[in-house]
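Okay, structure first, notes after.
The values are calculated or read from the model by the stated rules, or taken from the named source; none is laboratory data. Values in this document were obtained by computation on a predicted structure and should not be read as measured data. When we count neighbours, we look across all protein chains shown, and the Cβ atoms used for this are built from the backbone with ideal geometry, even at glycine.
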């Protein structure tokens, strides 16, 4: 039987324990927002109706698929920083700034809620930047930049449907 290693390997990536923890806490909020938006978008994909059904059904599918990949990238960055990634509805509900949808809103209301959700995720990502800059954490900064770019573009595209 192999002997279990009881001493954890210290993480030494050039970011202090305190900074890694602070960044991971921000990323945990980003993960919760992203997962909540994923779930909302998937819900709307299933339940959208009306004259724009086909357009919105396909658009929402592309968006929730992108969000599913983002959730994994964010969680893996949290783990690379040495912290556990939240992964339950309870944890996400506590950490997320995005409200769940009640019932089945109209297609136009779905679009509006998704614009608000996309913008909320962009704001959450932006809030983490000071900690990443202070810690010289370029991998997280790169992830945040990609996420903000995606969410800002998606919000613009959704907003365009309401014009």
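Worth pointing out:
- Residue 71 outside any helix (DSSP H, G or I), touching a residue at least 40 places away in the same chain (Cβ under 8 Å) and out of contact with any strand residue (DSSP E or B) (no Cβ under 8 Å at 6 or more places or on another chain): no
- Filter result for residue 42 (modelled with pLDDT of 95 or more, within 16 Å of the chain's Cα centre (by Cα), surrounded by fewer than 19 Cβ atoms within 10 Å (Cβ to Cβ) and more than 30 Å from residue 15 (Cα to Cα)): yes
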